[in-house]
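This report concerns only the one structure given below.
Derivation of every value follows stated rules applied to the coordinates shown; laboratory data play no part. Quick caveat, the model's predicted, so the values are computed rather than measured. FYI the Cβ positions are ideal-geometry reconstructions off the backbone, even for glycines, and counts take in every protein chain you see.
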Amino acid sequence: MGGMSVPFGLQPTVKIVQAGDPVLRSSTPEWDDSLERTELEALVELMRSTMHAAPGVGLAAPQIGLSLRLAVLEDLWPIDQETAAAKEREPLEFMAAIDPRYEAVGARTATHFEGCLSVRGYTASVERPADILASWTDLEGVRHERELHGWQARIFQHETDHLNGMLYLDKAEPRSLCTEENFARLWSYEEPETVREGLGF
Ligand code: ZN
């Protein structure tokens with residue numbers, strides 16, 4: 001997922017694959033533990049620095065051209081209180097998630113504009129479950145289960161969807177599609193109803 005612009009130090013990064021590349025549209029195979037631990041750690045570090053530099057709050061392996069059930073997530077960027085409240089956003093500590101999965105908990109949903117590092121320059125409104133039960137395996141091989149809410153739940157869903165060949169656009173309201181530039185200029189401070197009315201969705 002895309003994030004806010006904060007400069008970052010010089011760390012190795014790799015190119016982020018853009019929409020239209022079939023690697024983003026293929027389901028990743030089952031995780032098979034074929035990576036050596038040191039290789040896996042190096043890959044996670046590379047994904048983390050690539051995510052930071054982008055900048056973003058999540059990056060899935062297919063986004064760097066690897067069909068692996070692996071994603072990194074971290075959302076510690078500074079954010080104003082009003083935006084945090086509107087997005088139900090709590091900081092998310094760094095997480096390397098092997099084989100992440102989720103299911104909705106309850107029927108509550110949230111609708112927000114979302115972006116993707118593989119769909120550069122655009123943003124669109126996506127309705128998603130607001131509360132999920134997330135599960136993933138860590139680098140030690142331990143399986144975790146945790147309820148996530150709000151923006152944390154959104155990031156987790158977005159990254160997990162990447163491993164199933166999906167982009168956020170598949171779930172977005174088509175008429176809400178904006179360039180990031182137009183969104184910042186016209187809609188970022190408007191009430192959701194105003195945006196809906198203005199764009200007709
Ligand atoms: Zn994405």
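Karplus-derived 3J(HN,Hα) values for the stretch 13-24, using 6.51 cos²θ - 1.76 cosθ + 1.60 with θ = phi - 60°, are 9, 10, 5, 9, 5, 9, 3, x, 7, x, 4, 7 Hz; glycine and proline are entered as x. Against the main long axis of the alpha-carbon atoms of the chain, helix 37-53 sits at an angle near 20°. Near the amide H of G58, within less than 5 Å, lie the amide hydrogens of E74, all on another chain or at least 5 residues away, with H placed in the peptide plane. Diffusion coefficient of the stretch 1-98 by Stokes-Einstein, Kirkwood radius over Cα pairs, 37 °C, 0.692 mPa s: 226 µm²/s. Once backbone amide H atoms are built at 1.01 Å from N, L117 has G2 as its partners under 5 Å, excluding neighbours fewer than 5 places away on the same chain. Considering only alpha-carbon pairs that sit under 8 angstrom and 6 or more positions apart, the relative contact order computed for the stretch 37-124 is 22 percent. Listed peptides 99-105, 64-70 appear in the order 64-70, 99-105 once ranked by packing, highest mean of other Cβ atoms within 10 Å at the front. Backbone amide hydrogens, once placed in the peptide plane, bring V105 within less than 5 Å of D131, I132, L133, excluding anything fewer than 5 places away on its chain. Footprinting exposure proxy ranking of D32, D161, D131, fewest other C-beta atoms within 10 angstrom first, gives D32, D131, D161. Taken along its three principal axes, the alpha carbon spread of the stretch 137-201 comes to 48, 23, 19 Å, from the longest extent down to the shortest. What's the angle, to the nearest 10 degrees (0 to 90), between helix 150-162's Cα axis and the longest principal axis of the chain? That works out to roughly 60 degrees.
Which order do the peptides 112-121, 192-201 come out in when sorted by mean C-beta neighbours inside 10 angstrom, highest first?
Working: 112-121: 20.2, 192-201: 12.7.
Going by the mean number of other Cβ atoms within 10 Å, highest first, we get 112-121, 192-201.
Peptide packing for 72-79, 141-148, 13-20 was compared via the average number of neighbouring C-beta atoms within 10 Å per residue; ordered from the highest value, the list is 72-79, 13-20, 141-148. With the biggest extent put first, the Cα atoms of the stretch 81-201 measure 47, 27, 25 Å across the principal axes.
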